[in-house]
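Note sheet for the following structure.
The values are calculated or read from the model by the stated rules, or taken from the named source; none is laboratory data. Because the structure is predicted, anything quoted here is derived from the model rather than measured. No Cβ is skipped: glycine too gets one built from the backbone with ideal geometry, and neighbour counts run over all protein chains shown. Surface accessibility is based on the protein's heavy atoms, side chains included, excluding ligands, DNA and RNA. Shrake-Rupley method; radii C 1.70, N 1.55, O 1.52, S 1.80 Å.
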Amino acid sequence: MPRYGFELVLSRPLFEPELDPLFQRTRGEVTVGFVRDAQSADHPGQAGCSWEAHSLAAAILEVVGHIEASAPGLTVLRVEADPLLSMREIAERVGRTIESVRLSIKGTRGPGRFPASETSTPRHRLWQWSQVAEWYGIDDPQIQEAGPTARAINGWLALREVIPEVAPDPRTVVVALGTAVRATA
């Protein structure tokens, strides 16, 4: 079974007491930002994971279910299926050393200009995986699945928030997306 990486935007951060139930449900495969008390929870939370499933849609919706079951009152607002990666994560994905990736970013190696980072602080930069994979010439079928799947699931998450009684069951969404992906393959 393939392993899919994605990030989720949450309605709030998880509270420290919610971490153990989430860890138990997900076998430690989900990494979240958390806060110690409710006074610190005035901004959205985040969750990142690498999850094994038959499809990206199944992976995302399984993790959504686990997160929401672990933390009452918390909802998943959005999914980002084309992850932002650090230099170290890029090196792991492309099978190179960090130094090799650094030289590629610097422009001394590779086919032309390396993609620009999406976020940048003086000590930390992140790159969009789809752009990096294209630059390295990596044909990642998960990238092709990520765009339409993320858009469809984000639509479902929005519908569920606005008119929950109309939103289909998550299993129906997974089946529909699986059918659509097979039809376009």
Of the listed residues (P148, P168), the one being open to solvent by 50 Å² or more (accessible area, probe 1.4 Å) and in contact with a Ser or Thr (Cβ under 9 Å, 6 or more places away or on another chain) is P148
Expected single match for over 22 Å from P2 (Cβ atoms) and either in a strand (DSSP E or B) or touching a strand residue (DSSP E or B) at 6+ places or on another chain (Cβ under 8 Å) (or both) among E68, E99 is E68
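Results for (1) at pLDDT below 90; (2) over 30 Å from G112 (Cβ atoms); (3) in a helix (DSSP H, G or I), shown as yes or no for each residue.
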residue	(1), (2), (3)
Q131	no, no, yes
D139	yes, no, no
R151	no, no, yes
N154	no, yes, yes
L157	no, yes, yes
T172	no, yes, yes
In segment 69-97, residues that are closer than 16 Å to W135 by Cα, open to solvent by 30 Å² or more (accessible area, probe 1.4 Å), more than 11 Å from the chain's Cα centre (by Cα) and not hydrophobic (A, V, I, L, M, F, W, C) total 5
For the structure I just gave you, tell me whether W135 is open to solvent by less than 40 Å² (accessible area, probe 1.4 Å), under 23 Å from I90 (Cα atoms) and either out of contact with any Asp or Glu (no Cβ under 9 Å at 6 or more places or on another chain) or in a helix (DSSP H, G or I) (or both). yes
Scanning segment 122-146 residue by residue, those of a type in the set (A, V, I, L, M) and farther than 18 Å from S86 by Cα turn out to be A146
TODO: Inspect segment 121-132 for any residue being open to solvent by less than 80 Å² (accessible area, probe 1.4 Å), in contact with a helix residue (DSSP H, G or I) (Cβ under 6 Å, 6 or more places away or on another chain) and touching a residue at least 60 places away in the same chain (Cβ under 8 Å) and give the result as yes or no.
DONE: no
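Just the residues that are in a loop (DSSP other than H, G, I, E, B) and among the acidic types (D, E), please, taken from segment 81-90.
Scanning segment 81-90 gives a single hit, D82.
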Exactly one of R109, R113, R93, R78 is assigned to a strand (DSSP E or B) and either free of Cβ contacts under 8 Å to residues at least 12 places away in the same chain or closer than 24 Å to I60 by Cβ (or both), and that one is R78
D169 meets each of (1) farther than 24 Å from A58 by Cβ; (2) of a type outside the set (V, I, T); (3) without any contact (Cβ under 8 Å) to a residue 40 or more places away in the chain with one exception, condition (1)
